[in-house]
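Novice: After the structure tokens below, expect a handful of questions from me.
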Amino acid sequence: MKVLAIESSCDETGVAVYSDTEGLVVNKLYTQIALHREYGGVVPELASRDHIRKAIPLVREAMDSAGLTPKDIDAVAYTAGPGLIGALLVGAAVGRSLAFAWGCPAVPVHHMEGHLLAPMLEEKKPHYPFLALLVSGGHTMIVKVARPGSYKVMGQSIDDAAGEAFDKTAKLLGIPYPGGPGVSALAERGHRGKYVFPRPMTDRPGYDFSFSGLKTAAATAVEQAGDGLTDEAKADIAFGFEDAVIDTLITKVSRALKAEHLKELVVAGGVSANRHLRARIGEFMKKIGGEVFYPRPEFCTDNGAMIACAGMLRLKLGQVAGDAIEVRPRWALEDISVDRDE
Ligand code: KG4
Ligand code: ZN
């Protein structure tokens, strides 16, 4: 079976086809980063208009380059939430309509389930049960995944998500949108110990995160540096910020792995592309005799492949959409858990 999927929840238009026997067949991505950069962040209305322009051409490009025709496609999946409502509506409308025209089911997909399953597109896959650390621009979550489709959210950000904190700190340091990769590159040249920022909520029990104070601490450091905000000082602040985020994530993940007696960890979402984070989590997992699984860097940030993979799972669970086109800009991951009623 083959699922064609459309991702349009934020500033990336993604189209992919996933087969349950062959794996990923084709993957196309168009990023709107250049469009939003001059505004310093995503402008929702511009995002919707650009998805409209790109969705059908990308579908055609994906189908043509893989030599596929509509009769090869068994279902059309689309990101139904969470995300920007206008942007989601584009992918949902195009996806639902294609499914209608092609006479196959439409499958609404939860964007974070897509991120969580992205490592399943790799050769080295995690085994159920495992723990997932999802770190994206909109969400930071620790999820226990008992079996396919079963999600227990153990903790999440109570304010800014990790990626959001990266983007806001980047702005303070004069790095263009999206700031995560820029902060990461700058931090490579920074020195440990020049700036030590708080590790929020690590002294409290539980698995929730709060990153807004960390961004404020970085803002204070920038302010205090004043005219002394040299490139070296910026790199040291970037290092201090990144190090604090990583330490905080590892503290909570360590606690959750221990509590659930789990040894396998998935790290996914845009921030999981961060090299320093990967190195530190790698060391930590080695120390505890566990194993960590990531998507390849291009599947850490938003893409159609992960939605196609999640779409296949939901299709097999028989969770197809009705004729109405519905999206959910806010949507708890637990709402789609297969054992939510247990
Ligand atoms: O998963 P994603 O593409 O979109 C959402 O679902 O939100 O994540 C985007 C976020 C942005 O905040 C971006 O700055 C961050 O991921 N990001 C990074 C890196 N690459 C992307 N943050 C830190 N280091 C990176 N290398
Ligand atoms: Zn995402």
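The values are calculated or read from the model by the stated rules, or taken from the named source; none is laboratory data. Everything numeric here is computed off the predicted structure, so don't read it as measured data. Neighbour counts are summed over all protein chains in view; Cβ atoms, including those assigned to glycine, are modelled from backbone coordinates with ideal geometry.
Novice: Considering 125, 144, which residue is at pLDDT 95 or above and either within 14 Å of ligand 1 (Cβ to nearest atom) or not in a loop (DSSP other than H, G, I, E, B) (or both)?
Specialist: Matching residue, one of 125, 144: 144.
Novice: Going through region 215-240 one residue at a time, which ones are buried (at least 19 other Cβ atoms within 10 Å of the Cβ) and either outside any helix (DSSP H, G or I) or at pLDDT below 95 (or both)?
Specialist: Passing the criteria: only 215.
Novice: Residues in region 304-342 that are part of a loop (DSSP other than H, G, I, E, B) and in contact with an Asp or Glu (Cβ under 9 Å, 6 or more places away or on another chain): how many?
Specialist: Residues flagged as part of a loop (DSSP other than H, G, I, E, B) and in contact with an Asp or Glu (Cβ under 9 Å, 6 or more places away or on another chain) within region 304-342 amount to 2.
Novice: Which one of the conditions (1) more than 14 Å from the chain's Cα centre (by Cα); (2) at pLDDT 95 or above; (3) in a loop (DSSP other than H, G, I, E, B); (4) within 16 Å of ligand 2 (Cβ to nearest atom) does residue 137 fail to meet, given that it meets all the rest?
Specialist: (1)
Novice: Can you pull out the residues in region 151-186 that are among the small types (Gly, Ala, Ser), surrounded by fewer than 22 Cβ atoms within 10 Å (Cβ to Cβ) and touching a helix residue (DSSP H, G or I) at 6+ places or on another chain (Cβ under 8 Å)?
Specialist: 155, 174, 182, 184
Listed here are the residues, each with its yes/no results for (1) outside any helix (DSSP H, G or I); (2) closer than 26 Å to residue 20 by Cα; (3) away from ligand 2 (no atom under 16 Å from the Cβ).
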{"site": "255", "(1), (2), (3)": "no, no, yes"}
{"site": "262", "(1), (2), (3)": "yes, no, yes"}
{"site": "265", "(1), (2), (3)": "yes, yes, yes"}
{"site": "272", "(1), (2), (3)": "no, yes, no"}
{"site": "283", "(1), (2), (3)": "no, no, yes"}
{"site": "286", "(1), (2), (3)": "no, no, yes"}
{"site": "292", "(1), (2), (3)": "yes, yes, yes"}
{"site": "295", "(1), (2), (3)": "yes, yes, no"}
{"site": "302", "(1), (2), (3)": "yes, yes, no"}
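Novice: Right, next: If residue 50 meets every condition in (1) in contact (Cβ under 8 Å) with a residue 40 or more places away in the chain; (2) closer than 15 Å to residue 8 by Cα apart from one, which number is that one?
Specialist: Just one mismatch for residue 50, condition (1).
Novice: Could I ask something else about it? Considering only residues that are under 17 Å from residue 128 (Cα atoms) and touching a residue at least 60 places away in the same chain (Cβ under 8 Å), look in region 260-286 and name the one that is nearest to ligand 1 (Cβ to nearest atom).
Specialist: 268
Novice: Let me ask you something else. Quick check on this structure: which one of 220, 202 is over 14 Å from residue 249 (Cα atoms), out of contact with any strand residue (DSSP E or B) (no Cβ under 8 Å at 6 or more places or on another chain) and more than 16 Å from ligand 2 (Cβ to nearest atom)?
Specialist: Matching residue, one of 220, 202: 220.
Novice: Just a yes or no: is a residue in region 252-269 small (Gly, Ala, Ser) and buried (at least 22 other Cβ atoms within 10 Å of the Cβ)?
Specialist: Checked against the condition, which is being small (Gly, Ala, Ser) and buried (at least 22 other Cβ atoms within 10 Å of the Cβ), region 252-269 yields at least one hit.
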